[in-house]
């Protein structure tokens, strides 16, 4: 029954399940058990008549099976003393032996787990192509990683001090300002770099380094000072985001146009609804290059093209069905997942 309960609880709580598998946590619990037995023996021998220090000494030599002479030979011949000592030997020796075995297991398993984890992470990163690298494992980094995983995008995180990482995301511990660390994250093969470090100076330095390493990378940088935005663009950033400004704008939108804001939030961030907004790049070799928007729709597929970004970087909203699609255009469409999948296959 207990095994069934713990297994069921672990399935519903993956964080708890991972914690139980931590070998160091088992060693901590075994040490608490030994400390509890020592306190019980210490107090028990004191109640039987030994002085405080002698009681502690007698407890330690008993549970460790050292076998020294009894502290008080006269007291040791009493029945109550012998019964308590038998109890302490059975319980204490078992606890000490268990703690030793757990400690050895912890050293081996902990080291092996770390080695296997690093090896798996290195292989996983080496196999990635077009993935997203996130520099900074704070609140912004977590939010970006969650969004990427919901959209089936591979993610690699870089942070100098990530703390307890209970995520399945590959994590590289190091300074993102170091080129070797960026290379370990596969910067040459990555598609997107998100700079979410705490300080603008660090984000700016990483932006310069990343742009020097690869020209094709799409870089999104976080800034806390809007005045630094031009510097990021000069350093090679493609987009610069101020979370405080975005948060304030969203709060204002919810206050003034709550239904519009909620609708946009749902289609962009809520996976429970079968509707989303996606972008599609029309390549020069696409079969739809040179055709009109109306040619994209067949049968009951009614995805809505709400905007087109043309080669001159201009956005044309609510385009006419007779608009001709050119290679290099980016179509922004609204629709259900099946409708958007159909549109992707057509493009």
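Once the convex hull of the alpha carbons of region 132-241 is built, what does its volume come to per residue, in cubic angstrom?
Hull volume over Cα atoms, normalised by residue count, gives 89 Å³.
Provide the three semi-axes, in whole Å and in decreasing order, of the ellipsoid equivalent to region 212-347 as defined by the square roots of 5 times the Cα gyration tensor eigenvalues.
30, 23, 13
What percent do you get for the relative contact order of region 274-346 when only Cα pairs under 8 Å and 6+ apart count?
Relative contact order here is 47 percent.
Arranged by the count of other C-beta atoms within 10 angstrom, fewest first, what order do 280, 263 take?
263, 280
Over region 132-241, calculate the relative contact order: mean separation of alpha carbon pairs under 8 Å at least 6 apart, over the residue count, as a percent.
It comes to 23 percent, rounded to a whole number.
For 315, 98, what ranking results if the residue with the fewest other Cβ atoms within 10 Å of its Cβ goes first?
Listing 315, 98 from fewest to most nearby Cβ atoms yields 315, 98.
What ranking do 254, 331, 86, 56 get, fewest neighbouring Cβ atoms within 10 angstrom at the top?
Ascending number of Cβ neighbours within 10 Å: 86, 254, 56, 331.
Taking the highest mean first, how do the peptides 195-204, 287-296 order by number of other beta carbon atoms within 10 angstrom per residue?
195-204, 287-296
A short reminder: the numbers here are calculations on the coordinates, not readings from a lab. Note that the structure is a prediction, hence the values are computed from the model and not measured. Note that we place each Cβ from the backbone using ideal geometry, even for glycine, and neighbour counts take in every protein chain shown.
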